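The structure appears right after this line, and notes come after that.
Every number here is computed from the coordinates shown, using simple stated rules; none is lab data. Since the structure is predicted, the reported quantities are computational estimates derived from the model, not experimental observations. Glycine also receives a Cβ, built like all others from the backbone with ideal geometry; neighbour counts cover every protein chain displayed.
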Protein chains: 2
Amino acid sequence: MTGSPDPFGTHRSLDPPRALPQTAWRLDANPRALENEIAVSVRALNIDSASFRQLRETERATGETVEQQVLRIVGERGKMHNPATGSGGIFLGDVREVGPAHPAARELRPGDRIASLVSLSLTPLSIDRIHAVFAASERVELEGTAILFERTLWARMPGDFPEEVALSAFDVAGAPATVRRRAGIGETVVVIGAGKAGLLCLAAARDAVGAAGRVLAIDPSEAASGRARGLGYADEVFTLDAREPITVRDAVHRATGGRLADLVVNAVNAPGTETASVLAARDEGTVLFFGMATSFQAAALGAEGLAHPGTLLIGNGYVPGHAEMALDLLRRHPRLRAAFTALSGVPTP
Amino acid sequence: MTGSPDPFGTHRSLDPPRALPQTAWRLDANPRALENEIAVSVRALNIDSASFRQLRETERATGETVEQQVLRIVGERGKMHNPATGSGGIFLGDVREVGPAHPAARELRPGDRIASLVSLSLTPLSIDRIHAVFAASERVELEGTAILFERTLWARMPGDFPEEVALSAFDVAGAPATVRRRAGIGETVVVIGAGKAGLLCLAAARDAVGAAGRVLAIDPSEAASGRARGLGYADEVFTLDAREPITVRDAVHRATGGRLADLVVNAVNAPGTETASVLAARDEGTVLFFGMATSFQAAALGAEGLAHPGTLLIGNGYVPGHAEMALDLLRRHPRLRAAFTALSGVPTP
């Protein structure tokens, strides 16, 4: 681990030195790629919502524009890591230089359009000039250089999807990829939440369990459950609030003849759905928590309190190949693609 | 699910009816066991620390004694579920009546001494009389009746352990039981945190990986790491702070010749150790989070940010047979038993 630059980028951390880049206050944003790095000509930053909102509030309060704040923060920190919110965002750009020791050295060429899949809060960035700030899409168009480390996730932007749709798919790609790994032929999968992640999970679940398996969907919204019903992946779709564990358990109990689910996928953005997720799984089953509102404590203590010995998984946003797998799912399922595109919205500059 | 009383006890929920007992404001604490319930003559409540502290503060502020508050809360709610803290505790008692449809009907006899392993916040309780309140041990000795549902966890109190030691072992029993399930012969296991749970996990890990495997321990305290070293389960013990992920990664990297761990067990009570836990595992490895200070978001986003595809598990406090397995581990390892007993303290009435 000495000699060559660190796969996680700790060699770029200046303050404190050798910290993980997300932890460091300041990064070395030198725009030349080291042997295991990629330098990218950045075209745009999609700023994290919480961060963008805070920048706008500061603009109103102090008169320092969003543009000036971005230049100041990146100048001070070597990354667009909002010190007030702690959050970042992602960037889009064109590959400029690929270090010969980077794992993608044979795969990426200068000019390839890519997006970073990890936060700007750990990505070295230098800015040459800002062209425009688009408040509605929380987007900053600019010229600059970002550095990707050996272990920084990125994805090639596809030619056949609108940018917003591709980025939405990348954002939730870990969920369907994990469902595909965890669900087996003939099994029963319950997907709680029929938003963008939930819809991809339903399609992945149907692929994985086959015609002999069962797929159930649960969402409290009439619109979302109607959309899920229309796609046809689920054998049954329940319009139910997953904050009511007994109602959910009873529905899954009835629909499975008392067997309950082999795999429960929590893809809900609201808190308080851990217990329903646990109760929908059979004792030997697995609960996969992808909703970012999940409470570790509620899941762990909930299962213990119910004497439920199921396997509880923290959804890992990274599964090798997950970005390409999500796009592939959308390409193979035109109706899913239409529904997903509608949910992803269109950038409004 | 209609007709017979619910395994989770929803039939005892009065307000709202059919809620899970933990959620319900008030339970029916009728002391007769239904067909799938156990009635227990309660001898003592071990009140949760947060709850007991709050009861004492109320006593100082209002003059209503802890005893009076316990009687009032149990009278109002049918359970010792402190409305201010939301927490409960556990009870000790002697079995009085086992319903014929309860799964333990052939195993438990009237007079058997047991402890509940789930919270008083979901356990129907009626009190006949309070004998004494012991502030130092946060214990209330009384006569009353508690009800265990079909799925309520309980454990038989062993004759060969002090009560405090047995209760401490039950408290952390899920961790070593899961280690034993997840670790295989010849594998490398890293245990972070050498408290009571960590020590049991070290012994379970050594049992599971055998002489061909490797066990590493990490704890920031000299005393704790010295204690772990003295027990001899770990091939190496590092005195390191797991809030410093790079230091931990480097140590595990060196100790494993770059292979890293197949299984990392987080048994730390302090926050901020998720990233170190992820970085100590190899890409195909598993991280088992048992520390209750774990943040779901830090674990999920940390793994994604590091492009680490490992399996992330929420430690489930319930594994069938875990309580007996923890006692068995202590019985077979006299030096572990001595260290564990010292850490469990002795009740001071």
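Rounded to whole Å and ordered largest first, report the semi-axes of the equivalent ellipsoid of chain A derived from its Cα gyration tensor (root of 5λ). List each step's numbers first, then the result.
Numbers: eigenvalues 301, 88, 84 Å².
Ellipsoid half-lengths, sorted descending, are 39, 21, 20 Å.
At 0.36 nm per residue, and after removing the present C-alpha to C-alpha distance, how many nm does the segment from B:S221 to B:N269 gain when stretched out fully?
Details: separation 48, 0.36 × 48 = 17.28 nm, distance 1.27 nm.
That works out to 16.0 nm of additional length.
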| note | re the stretch B:190-349: pairs of Cα atoms spaced beyond 27 Å account for a percent value of 20 percent
| request: Name the nearest-to-axis residue of chain A, judged by Cβ distance to the rotation axis taking chain A onto chain B, and quote that distance in whole Å. | output: A:F296, 2
| message | Treating the point 7 Å from Cα along Cα-beta-carbon as the label, what are the nm separations from A:R53 to the other copies, to one decimal? | response | 3.1
| How far is B:E141 from itself in the other copies, in nm, if each label sits 7 Å out from Cα along the Cα-Cβ line, shortest first? | 7.9
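To the nearest 0.05, what FRET efficiency results for B:T62 and A:F134 with a Förster distance of 51 Å applied to their C-beta separation?
Numbers: r = 58 Å, r/R0 = 1.13.
With R0 = 51 Å, the Cβ-Cβ based efficiency is 0.30.
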| field | Cα extents of the stretch A:1-48 along the three principal axes, largest first (Å) | value | 34, 23, 15
| Helix B:49-62 versus the longest principal axis of chain B: what angle, 0 to 90°, nearest 10, using Cα atoms? | 50 degrees
| Hey, what D do you get for the protein assembly as shown in µm²/s if you plug the Kirkwood alpha-carbon radius into Stokes-Einstein at 4 °C and 1.567 mPa s? | 48 µm²/s
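Can you give the calculated 222 nm mean residue ellipticity of chain A, where each DSSP H run of n ≥ 4 adds -39,500 (n - 2.57) and the sum is split over every residue, rounded to the nearest 500 deg cm²/dmol? Could the numbers behind the result be given before it?
Working: 11 runs with 119 residues, N = 349.
Only helices count here, giving -10500 deg cm²/dmol.
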| Using a Gaussian network model of chain A with C-alpha springs under 10 Å, which one of A:I73, A:I114, A:I147 is most mobile by mean-square fluctuation? | A:I73
| message | I want to verify a result. In a Gaussian network model of chain B, Cα cutoff 10 Å, which of these has the top mean-square fluctuation: B:L148, B:L330, B:L20? | response | B:L20
| Copy-to-copy spacing for B:H253, label 7 Å out on the Cα-to-C-beta vector, in nm, shortest first? | 5.2
